[in-house]
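The values are calculated or read from the model by the stated rules, or taken from the named source; none is laboratory data. This structure is a prediction, so every number in the text was calculated from the model and none was measured. Note: ideal-geometry Cβ built from the backbone for every residue, glycine included; neighbour counts use all protein chains shown.
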Amino acid sequence: MEFRVWRFNPESDSEPRMETHQIEVSRGMMLRDVLLEIKRRDESFAFRHSCGEGVCGSDGVNVNGRNRLACITPVSELKAPVEVRPFPGRPVIRDLVVDMGQFYAQYQAVEPWLKRQEPEPEQEILQSPEERARLDGLWECILCGCCSTSCPSFWWNPDRFLGPQALLSAWRFLADSRDQAEEERLDALDGPYRLFRCHTVMNCVDACPKHLNPTQAIGHIRNLMLKKSV
Amino acid sequence: MRSQVRPVFLELTRIRLPVAGILSIAHRVSGILLFLSIPLQAALLSLVLSGEEGYRQAHALFQMLPVRLALFLFLWALMHHLLAGIRFLFIDLDLGVRAPRYRQSAWVVLLGAPLVALALLPGLL
């Protein structure tokens, strides 16, 4: 089966190029195994990976035009020639390794931790099963970046628009019964760019390997903003 | 010395746009078309209202194939923008925002708009 991978070595290349490999595929093979085979042939080939089972979120790449995790993408699902490129819109450090700094900065900007006004209690803060259920579909995010790097608004304004991942995380804490910083969080999301650059393109929902729904989370934030303002 | 060259992959033709994304870009294109059609519509209206001769000229204009094609294009733009706008309103109301609904509704709008435009076209000629 034919695979074409994006190659760029900052020390020797001035332009990126596509490199073709013929690789024998076997049953149950994932795209990550193919990338590992390419690395066996040429150890200068660089890509990130770790757990190999869609939990760590390291090996997000653009496969035949779609952002996916290589480790949970069966080769049998792909149409040859398979073209593997780095995430769109991110500066490439080498081959498939991109600089995700901006993405993490946006995640940090939503202050993804519980904030309390009241003094910290002696024991844990209890939640009802219903309150806990509100966090389902939010906490599962693994920060792989498939969503934000497939979002046109994030391509054009990665510094001013938070992107689907950070906004999903923002809602994860707004929806948490233990968090007490609702007003502060909503104020920080106001303005024409940070949240409202979302134009409901929904590429993020298509791209998410964990089947989460940032568009719905963004809608919930908008509704909450509306409720607070009337 | 470490090189600071950092290329960016953003070739839009090589990135597969999902159906909801295609609907979204078509929403923008149709919006621009509708905006651009305003002076043409105003000119046409003023021609029709200028008298019997003007009305006849406008009628003759509508018999020309390129004009009919343009009319279909603007009618499609109107229908697409209207239907896609209603779809966006539903999604804003948290209706049909989950898979596979948002994809299905995108298909309905993308295929429905030209069909509705085609159905309405004879009424304008």
Yes/no for residue A:227 being farther than 13 Å from residue B:97 by Cβ and outside any loop (DSSP other than H, G, I, E, B): yes
For segment A:105-128, enumerate the residues that are aliphatic (A, V, I, L, M) and under 14 Å from residue A:173 (Cβ atoms). A:109, A:110, A:114, A:125
Would you pick out the residues in segment A:1-22 that are closer than 14 Å to residue A:84 by Cα and free of Cβ contacts under 8 Å to residues at least 40 places away in the same chain? A:17, A:19, A:21, A:22
Does residue A:58 fit the bill of being more than 14 Å from chain B (Cβ to nearest Cβ), of a type in the set (Ser, Thr, Tyr) and part of a loop (DSSP other than H, G, I, E, B)? yes
Quickly run through segment A:184-208 and pick out the residues that are part of a helix (DSSP H, G or I), among the small types (Gly, Ala, Ser) and either more than 10 Å from chain B (Cβ to nearest Cβ) or out of contact with any helix residue (DSSP H, G or I) (no Cβ under 6 Å at 6 or more places or on another chain) (or both). A:188
Are there any pairs, at least 6 apart or on different chains, whose C-beta atoms fall under 6 Å, with the first in segment A:116-129 and in the same structural domain as residue A:184 (by TED's automatic domain parsing) and the second surrounded by 10 or more Cβ atoms within 10 Å (Cβ to Cβ) and part of a loop (DSSP other than H, G, I, E, B), and if so, which? A:116/A:180; A:117/A:180; A:125/A:178; A:127/A:177
Among the listed residues B:28, B:6, identify the single one that is touching a strand residue (DSSP E or B) at 6+ places or on another chain (Cβ under 8 Å) and within 14 Å of another protein chain (Cβ to nearest Cβ). B:6
When residues of segment A:1-55 are limited to those that are small (Gly, Ala, Ser) and within 14 Å of chain B (Cβ to nearest Cβ), the one nearest to the chain's Cα centre (by Cα): A:46
Any residue in segment A:24-37 that's farther than 14 Å from residue A:69 by Cβ: show its pairings with residues that are not in a helix (DSSP H, G or I) at Cβ separation under 7 Å, as long as the two are six or more apart or on different chains. A:25/A:1; A:37/A:23
For residues that are among the hydrophobic types (A, V, I, L, M, F, W, C) and free of Cβ contacts under 8 Å to residues at least 40 places away in the same chain, scanning just segment A:209-230, find the one that is farthest from the other protein chains (Cβ to nearest Cβ). A:230
